[in-house]
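Have a look at the structure below, then the notes.
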């Protein structure tokens, strides 16, 4: 049967598409597709014989040199339908000066662009339709080098970080006990607890020393002012409840060491993280995407503290991973140093021995008086006896002068004995008093010459205190700018890891959309060979461009 030649062949030049199918063009309509490709036409041939796509060759009456720059073609067998077929020109064969054989391969993506429907399938990666902060959290298999610090600072700042002092004692500076049900920092602690500035605690400590109560002081620590919530200079008492406060830490979501990424996934872990150190060797890592950021893009931490018995602060991520206070991810600081202070040996000894000293002096006085009285009483008894003997002798020997003289001599000797005993006892008592007082004064003098006792010196060697590091430190860690650029270019080109069953994206950004599937399926209205080829192209990965003149131009702003 004779077929009237009625096919149209148009050779195009400057078409940005090729057979590797890394790129193709997305069209909203058949008319837009036809209009674009015709805008690239160099030569049009009418009344051509029927073109067979499987044959892949057509003969044209044209000199080969005239079409050397043509790389694409479109044809239409109008005798049968008005569908345009699109093809890559593989090569041109010179026949003679007036004829050329053109060999071509059908472009299945453009030829059947409007003749199949994508089905849901497993999408490995694609350009995301939404690039909001933390909208894509899937892992990426691409290196990013070591993280470096973009910014750092103290977690506890302002007046809350000012150095205060905590003093714990077994009794008050005046010697009174605290009630057994006394609570401090939500704990039963029947002790005297003070917290305040240097001047305040120094004054309290001096009172303990002056009153000889320095041994009642259990500990003195250097702590931040935060530990004394509720305490004042006038009432420097440790609080009953545990101090707590919300501490904000700015999330690093503006730039990475000066580089501002186009793809917001670079603000995710592992490219951008928050480290918190207790400056004692422990560093915790936190992910910005796991926090519920506030209106100023701050990560929130809850800070808790206690100044007894060993002062401790604990920093707990707040609203982290959907947990209000995530204590299992907390970090603690326990390196608060003790504060050395000097006591007064004499004051302490005198206070501790005051009653014994008084008793010693009183006992010495009473003993001396008792001794004198006992000697006086003994002498008086001897005198009475002599008097009695003299009276009896006088009565019995009233006519004997010798007996009377003997009685008088006994009385005289008894009187002298009484006087001597009293004097001797008084002198002995005075000497004893002097010796006792002299011994006590010598002992006091010796104690006063002993150097002042230094407390807490062995535990006051915290280098962190000297460096003003009694605090948590945060570090905003991120990739180096050169790696950030590498990652940004990669995400521009190949989108994000998706790993979902869905309809692949083809047109979700201003300029281009990349998609790569695993086991692509389509509902096709084309030959099965071409259907299979289309599915393999999606599985290999392909980029759809909104404008043919922009194909391959990744310098365009494709953000959303």
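Tabulated values for the structure
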{"quantity": "Matching entry among 153, 145 (being part of a loop (DSSP other than H, G, I, E, B) and touching a residue at least 40 places away in the same chain (Cβ under 8 Å))", "calculated": "145"}
{"quantity": "Flag if residue 273 is buried (at least 17 other Cβ atoms within 10 Å of the Cβ) and either at pLDDT below 90 or not in a loop (DSSP other than H, G, I, E, B) (or both)", "calculated": "yes"}
{"quantity": "Given (1) within 22 Å of residue 560 (Cβ to Cβ); (2) modelled with pLDDT under 95, index of the condition residue 307 fails", "calculated": "(1)"}
{"quantity": "Check on residue 105, more than 25 Å from residue 35 (Cα to Cα), in contact (Cβ under 8 Å) with a residue 40 or more places away in the chain and in a strand (DSSP E or B)", "calculated": "no"}
{"quantity": "Subset of segment 289-338 [in a helix (DSSP H, G or I) and either out of contact with any strand residue (DSSP E or B) (no Cβ under 6 Å at 6 or more places or on another chain) or surrounded by fewer than 18 Cβ atoms within 10 Å (Cβ to Cβ) (or both)]", "calculated": "289, 327, 328, 329"}
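The values are calculated or read from the model by the stated rules, or taken from the named source; none is laboratory data. These numbers come from a predicted model, not from an experiment. Don't worry about glycine lacking a Cβ; one is built from the backbone with ideal geometry, like all the others, and counts go over all protein chains shown.
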